[in-house]
Amino acid sequence: MAAHSLSKLPTFNPWLGLSLQSSSLTVPKLRSSASTIHLSLPTANRERVSSNEKEPKWSSRAIKSFAMGELEARKLKYPTTGTEAILMGTTLASKFLRANGVTLFKVREETIKLLGKADMYFFSPEHPPLTEEAQRVLDWAVDKKLNLNLMSTVVLDCKTTKPFETEDHVAIVQCDSEEITTSHLLLGIWYEVDSPGHKILAALGFNEGKVKELESLISEPGFIDG
């Protein structure tokens, strides 16, 4: 019986940055950024946070979902971590996605339809480097959180969960509302309109109405990740 063969990617796939020449793979130079994650995620420009601002932290769910995205990229033998991989990881942590019928299985299936499968003999690195689109998603999430903090005019009392106004209306947000969440990642993917992640979300019925609903949720004081 003939051995099962995996379908290969097209000769060149601009999203994966992958070229197939005979049996070898050529990966073009990507944005230099270590994707090893410990307590944070790679940010291209740390100077985006001014000296008088507190740098927002990534939630544990967001960090775990990013790690799962890297793992999904490796499972599919992709040489990079793209927006589609981040989306696959996000489906495991986002209740909002699951409530709207966007699951890991469906995203993985759409990813293979859109990008294909890599050569069965190619082995992804332990931490596949980020594509430029994926890096922009992370940076967008940071910027979005910073902007939300600047627009906020309330302080969240962690113990009473009751908002109250500050005297000088300086934005102060505490507890979980201080974190960059999987929802910020999801919105970042959506706004990267030419990326595989956006196309996959659209194919699964995600639309501007859902985006507005999610943006409304994350702008509420005390919003909790997930």
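The values are calculated or read from the model by the stated rules, or taken from the named source; none is laboratory data. Source: prediction; values computed, not measured. When we count neighbours, we look across all protein chains shown, and the Cβ atoms used for this are built from the backbone with ideal geometry, even at glycine. When the accessible area is computed, the model is the full protein with side chains, heavy atoms only, and any ligands, DNA or RNA have been set aside. Shrake-Rupley method; radii C 1.70, N 1.55, O 1.52, S 1.80 Å.
Among rounded, prolate and oblate, which fits the stretch 180-225 when a ≥ b ≥ c are the square roots of the eigenvalues of its C-alpha gyration tensor, a/c under 1.5 means rounded, and a/b larger than b/c means prolate?
Numbers: a/c = 2.74, a/b = 1.84, b/c = 1.49.
Prolate shape, in that a/c is at least 1.5 and a/b is the bigger ratio.
Rolling a 1.4 Å probe across the protein heavy atoms gives the stretch 58-116 an accessible surface of 36 Å² per residue. Which of the pairs Lys77/Lys212; Lys77/Lys199; Lys57/Lys95; Lys75/Lys210 have their Cα atoms more than 26 Å apart in this structure? Result: Lys77/Lys212; Lys75/Lys210 exceed 26 Å. For a modelled paramagnetic label at Lys95, 7 Å from Cα along Cα-to-Cβ, the residues of the stretch 196-226 in reach, with backbone nitrogen under 19 Å, are 210-226. Only Cα sites of the stretch 76-135 enter the Debye sum here, all with the same form factor; the resulting log10 I(q)/I(0) across q = 0.12 1/Å is -0.31, listed in q order.
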